[in-house]
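Questions regarding the structure given below will be posed in turn.
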Amino acid sequence: MVMKQVRFFLILLLGVVTGACEKQILPEEEYGSSAKGNLRVNIFQLDQIPFETTLRAANAPHCSRLNFAVYDMQGTRIKQVNQQEGDNDFGTAAFLLPAGQYQFVALAHSSNGNPTMTDPQKIQFTNAKGYTDTFLYYTTLTVGEEQQTLSLSLHRIVSLCRIVINDAIPEGITRLSFYYTGGSGHFNAITGQGVTNSKQEATYEVVAGQQQTQYDLYTFLHSTEGTLHVKMTAYDAGDNVQLEHEFDIPMAVNKISWLQGAFFAGFTASATQSVTTTVTIDGTWDGEDFFTF
């Protein structure tokens, strides 16, 4: 009987010791959860504009979506976090990563959806989701056991063609389409430049009588400068082409090319018209360069 009691207490004591050891291991296993990741990031500014300003000032550059992605050094995506304006953690993210070297990408934009970020050298926006003002941060980093925090300063990587129609939308026109080539809807996060010869398109519903309408066409150039070929097509309610114009527009990264004129001058239904336009480069994004042709 005494031996049975001794054996029982030995087994009970072993269970207590084992349980105590397990409890000491738990904090290490929990380290690096979303709240305690060993890599934490926060958006600090977009091209010299404090990030909080973009959320509060009505006239400030603005983004409604953020994407953060971590890749290994071979370009395999390890983790991606997508955020929308209104999320409690909008502008901050945390990652639990094994020790090692990684590529890190952060994007700020206002597209209607998130881009495809499987490959850091070919991040893809689409016509369906739309192209918008886009800001990028890219770096390589070494992650260890100690927590580190990155304060990110994102820079603009798009070019903008801004088309302004000075005359009123005539009767019979219900939709405008802008089809443009020369840029790209995909870009390399390492270089910030376009990587495909995309066929981009933006379509707008319009109402007869609209005055001084403005349309913004964003693209990723293949180098710091380029030329965008734009075809503007006006349709009626039956989806019939009523008017077409084509333009070649000089572009530069982080600058706005303005194209404006009386696009519907002398318009009559079902007739193709010629039009005189002017092109200028507005450097308010980055310096003050202007030219005409």
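Quick one: which of Gln124, Gln83, Gln147, Gln74 is in contact with a Leu (Cβ under 7 Å, 6 or more places away or on another chain) and of a type in the set (S, T, N, Q)?
Within the list Gln124, Gln83, Gln147, Gln74, the selection yields Gln83.
Within the range 58-79, can one find any residue that is open to solvent by 20 Å² or more (accessible area, probe 1.4 Å), at positive phi and acidic (Asp, Glu)?
The answer is no, given that none of the residues of the range 58-79 is open to solvent by 20 Å² or more (accessible area, probe 1.4 Å), at positive phi and acidic (Asp, Glu).
Which residues, taken from the range 204-226, are surrounded by fewer than 14 Cβ atoms within 10 Å (Cβ to Cβ) and either part of a strand (DSSP E or B) or without any contact (Cβ under 8 Å) to a residue 40 or more places away in the chain (or both)?
Tyr204, Glu205, Val207, Gln214, Ser223, Thr224, Glu225
Moving to a separate point now. So, in the range 173-193, of the ones that are polar (S, T, N, Q) and open to solvent by 10 Å² or more (accessible area, probe 1.4 Å), which residue ends up nearest to His229 (Cα to Cα)?
Thr181
Given the conditions (1) within 25 Å of Gly75 (Cβ to Cβ); (2) open to solvent by 70 Å² or more (accessible area, probe 1.4 Å), report the number of the one that Glu201 does not fulfil.
(1)
Then there's this: Looking at Gly185, Gly194, Gly144, Gly172 in this structure, which one is at positive phi and of a type outside the set (D, E, K, R)?
After applying the criteria, what remains is Gly172.
Looking at the range 227-249, which of the residues that are open to solvent by less than 30 Å² (accessible area, probe 1.4 Å) and among the aliphatic types (A, V, I, L, M) is farthest from Ala262 (Cα to Cα)?
Leu228
Could you identify the single residue in Ile123, Ile157, Ile190 that is farther than 20 Å from Gln260 by Cβ, touching a Pro at 6+ places or on another chain (Cβ under 6 Å), at pLDDT 95 or above and not polar (S, T, N, Q)?
Matching residue, one of Ile123, Ile157, Ile190: Ile123.
The values are calculated or read from the model by the stated rules, or taken from the named source; none is laboratory data. Keep in mind it's a predicted model, so treat the numbers as computed, not measured. So basically every Cβ, Gly included, is an ideal-geometry build from the backbone, and we count neighbours across all protein chains shown. The accessibility values were calculated without ligands, DNA or RNA, using every heavy atom of the protein model including side chains. Shrake-Rupley method; radii C 1.70, N 1.55, O 1.52, S 1.80 Å.
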